[in-house]
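What follows is a set of notes on a single structure, which appears directly below.
The values are calculated or read from the model by the stated rules, or taken from the named source; none is laboratory data. What you see is a predicted model, and the numbers here were worked out from it, not measured in a lab. Counting neighbours? That spans all protein chains shown, and the Cβs are built from the backbone with ideal geometry, glycine included. Calculation scope for accessible area: heavy atoms of the full protein, side chains included, ligands and nucleic acids excluded. Shrake-Rupley method; radii C 1.70, N 1.55, O 1.52, S 1.80 Å.
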Amino acid sequence: MNASLNWLSDYIDLSALTPAIISDMLTMVGLEVDGMETVGPTLDGVIVGHVLERTQHPNADKLSLCQVDLGDGEPVQIVCGAPNVDAGQKVPVATVGTTLMLPDRKTGEPVPVKLKKAKLRGEVSTGMICAEDELGLGDDHDGIMVLAADAPVGQTMEDYLRAQGRTLNDTVYDIAITPNRPDAVSHIGVARDLSALTEQALRRPDVALPEAGGPTAEQVAVKLVSPEACPRYVALLVRGVSIRESPDWLKDRLTAIGLRPINNVVDVTNYVMYECGQPLHAFDADQIAGDTIIVEQTTEAEPFVTLDSQERELPVGTLMICDAERRVAVAGVMGGENSEVTDATTNVLIESAYFDPSLIRKTAKALGLQTDASYRFERGIDRDGQVWAASRAADLIADLGGGTRVGGMVDAHPVLPEPLVLTLRLSRIETILGVAISHADTVRLLTAIGFGVEDAEAGTLSVTVPLFRPDVEREIDLIEEVARLFGYDNIPEPRRTPVPSKPPEISAVEILRPMVRTRLAGLGFREVCTNSMQRAETATQFAGADLHNGEAVEIVETLNPISQEMAALRPSLLPGMLQVMSYNQNRGQRQLHLMEFGHIMHRADPKRSTLVPGYNEYEALILAMSGGAPGRWNQEARALDIYDVKGAVEWLLELLRIDGRVRFEATPMPGEATSYRLDLRVKKRHIGVIACVADAVTEAFDLRDPVYFAELDWAALVQMAAPQFARNAEAVSRFPTVERDLAVAVKRDQPVGPMLDVIRQFGRPLIQDVTVFDVYQGERIADDQKSVAFALRFGADRTLKDKEVDKRIRTIVQRLGKEFGAALRG
């Protein structure tokens, strides 16, 4: 918001402070000044002159020769091209040596021009008789500026204008108002903070407030059809108004802060809005059908022409100001063209209302139309400022327009708001700020900005929050007010506590995620990041049992979703990954190896929830492959299969040092999302799935190649891996290991994973590692069987004897035979 120093000085004496000091004070009190600019004309060298004689220029039809008395001796000759110059006039004269901002002949932009004694068409010209725009006093360039007949000849124009009540030079502050300070979007609001800092009383204009009813209420009716959207509407009447140009003082005020003066009525509504923060609207009262104002919301989309002559489509629910026959304004945003004040207006209806901030914000956003009024209504204006603002505007309009203010007013308000009363503990102020602020200073600071303060119990204050401060809701807000007025720079620095210097502890998550990300990238996986929100139908499709431990989960839907595309939280990373794969395949990328870390969420038994009762959220890792493995010089190209993903998962488990604890269980039953899969478990805990995406799903995502993926519970993997990575480095054993190969024949459909678990279990405590190095089907093996060869490594903190290893081998063979019908080959 732009704030004028001259304007602020109407409410508080700032003469003892420089503009720079005021800027610093505002910034330190929370009203950050982004910029400070000096505005207004520079009139050095411009004086009042008296045109004694005017004759026609002998060499130019449109020029005049003027003999001008400057009050210092002999008259000077000035060549003037203005059509309205004449003898006897008092005029502003820029003397030789004066610098004026005049338009460049080529660009039209104002440039500094220093006046010199010159010849124009052969005649000497000593100075320049000026128009308003040439002095920066207005936009008029139709002729020279003619002063009052009693203007003192030889007086500087600056002194003359000041004597006429004009405010010339001004300092304008560009203040960044935060959303929580709606009280500061006005000059009185800014001056209120300055009054507290300077310990001066705020000089608010004295306005006589009318009683509700009276002649105005007899001539105008107001009906609130939507009282929740408009809880208060005040209307006043001014009759017999003459629409004319505003006086110089009012134009100066508005021009200084960047507003363009229009006419005396519109300018007054803008002036009062920037004075007290209450937006107003002036209607041509004779254009209000039935002398009735109705405030209601639209029930269907409809067009409306606003003051800027633009037809806009009003969405359903737009709050409108209507008369007995039609819409006349978009409430809180902009008035309508059909009831605006024009040069023919004689009777003015002043609207001063309070509108629901959220509704005005929604309307302004929908229309793409933010105005000075909507900017204030959106933040929340003073709930009790409507009558004062309307009365202030009515007095000014009557004064500047020669009209008569009609007595009384219409004040429609179903329920007037009650101010909030809070308890403030003085001890709490010291606890929060670290400095003790006295009882007297606390009362003084809060009272200075409009809060009502009374003593309550010992050490506490009862504080009544003014209705123009909707942002103050709790005790901590009061402490913030005290802190900013006391001065943040007056609060001592906190005591410094020495901290011992030691390396920070790094968690397993911080170690493992970047390590795994880097290693997977080395294997050719590229990381993607997908949206955690998706369509509810998609989320439901991927909440099936084949992705969630054999049981379908219930999805988590969002309230008031932004769009249907973001109506639910993802229960799996798979749908987002399939969208990425489809996007890439449709653009010619067939060989895809992708990975993603991300959170998934679904509803859960309150007793088994990880986030809040009834919800389960955890971080997952997905690996996905599609397309073939490309051929190389030493190998032929081939199609990918599920074992490629399984190999990547086994490598990952080995990297995390938990490969011996994870069991792979084949699950041939097809699901909605997968055609076949392997479930990963640690004891009874399900930690992931490796699967092939069902054909129907790949077709739905427009994927031409099969997709193989693994979705793992990353949080569980980290939990299991953390102890391994927390261990200190161990010395390499100096004792030799013993390696044995073991080949057994089993049924062809027997999974190898459970056999590995048995070997690890019954090879303890000597077995250190076991891997599968061969699977054979063919000659010397029954048609319904296969041969599986294992490589076993044994070791201990001593040198092993053959008989110890042989004993472990016999136990393992016996258990394999008992549990899987395995027979030792050879």
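Below are the figures for this structure:
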read-out: Matching entry among R740, R780, R760, R764 (being more than 28 Å from D679 (Cβ to Cβ), outside any strand (DSSP E or B) and open to solvent by 30 Å² or more (accessible area, probe 1.4 Å)); value: R780
read-out: Residues (in contact with an Asp or Glu (Cβ under 6 Å, 6 or more places away or on another chain), surrounded by fewer than 21 Cβ atoms within 10 Å (Cβ to Cβ) and not charged (D, E, K, R)) located in the range 348-367; value: P357
read-out: Matching option when the condition is over 18 Å from V153 (Cα atoms), out of contact with any helix residue (DSSP H, G or I) (no Cβ under 6 Å at 6 or more places or on another chain), surrounded by 14 or more Cβ atoms within 10 Å (Cβ to Cβ) and β-branched (V, I, T), among V96, V113, V85; value: V113
read-out: Every pair of residues 6+ apart whose Cβ atoms lie under 7 Å, when the first sits in the range 293-305 and is farther than 11 Å from V330 by Cβ and part of a loop (DSSP other than H, G, I, E, B) while the second is open to solvent by 40 Å² or more (accessible area, probe 1.4 Å) and among the β-branched types (V, I, T); value: T299/V316; E300/V316; A301/V316
read-out: All strands (runs of 3 or more DSSP E) inside the range 93-145 with 2 or more residues being among the hydrophobic types (A, V, I, L, M, F, W, C); value: 99-103, 110-114, 118-120
read-out: Failed condition for R815, given (1) within 20 Å of A666 (Cβ to Cβ); (2) more than 60 Å from the chain's Cα centre (by Cα); (3) surrounded by 14 or more Cβ atoms within 10 Å (Cβ to Cβ); (4) not β-branched (V, I, T); value: (1)
read-out: Options S507, S532; residue that is out of contact with any Phe, Trp or Tyr (no Cβ under 6 Å at 6 or more places or on another chain) and either at positive phi or at pLDDT 90 or above (or both); value: S532
read-out: Enumeration of residues in the range 9-24 that are outside any loop (DSSP other than H, G, I, E, B), surrounded by fewer than 21 Cβ atoms within 10 Å (Cβ to Cβ) and touching a helix residue (DSSP H, G or I) at 6+ places or on another chain (Cβ under 8 Å); value: P19
read-out: Boolean, L65 is closer than 30 Å to L254 by Cα and among the hydrophobic types (A, V, I, L, M, F, W, C); value: no
read-out: Any hit, the range 690-702, residues being under 25 Å from I812 (Cα atoms) and touching a residue at least 24 places away in the same chain (Cβ under 8 Å); value: no
read-out: Count - residues of the range 177-205 that are of a type in the set (A, V, I, L, M), in a helix (DSSP H, G or I) and under 23 Å from L254 (Cβ atoms); value: 5
read-out: Looking only at the range 745-757, and only at residues there that are over 26 Å from K803 (Cα atoms) and open to solvent by less than 60 Å² (accessible area, probe 1.4 Å), the one that is modelled with the lowest pLDDT; value: G753
read-out: Qualifying positions in the range 247-284 - open to solvent by less than 10 Å² (accessible area, probe 1.4 Å), farther than 20 Å from Y11 by Cβ and part of a helix (DSSP H, G or I); value: N264, V265
read-out: Strands (runs of 3 or more DSSP E) wholly inside the range 373-461 containing at least 2 residues that are open to solvent by less than 30 Å² (accessible area, probe 1.4 Å) and on the phi < 0 side of the Ramachandran plot; value: 410-412, 421-425
read-out: Subset of the range 215-264 [over 32 Å from the mean Cα position of the chain (by Cα) and among the β-branched types (V, I, T)]; value: T216, V220, V222, V225, V234, V238, V241, I243, I262
read-out: Pair list, Cβ under 7 Å, 6 or more apart: the range 562-576 residue at negative phi, other residue of a type in the set (S, T, Y) and crowded, with 20+ Cβ neighbours inside 10 Å; value: P575/T538
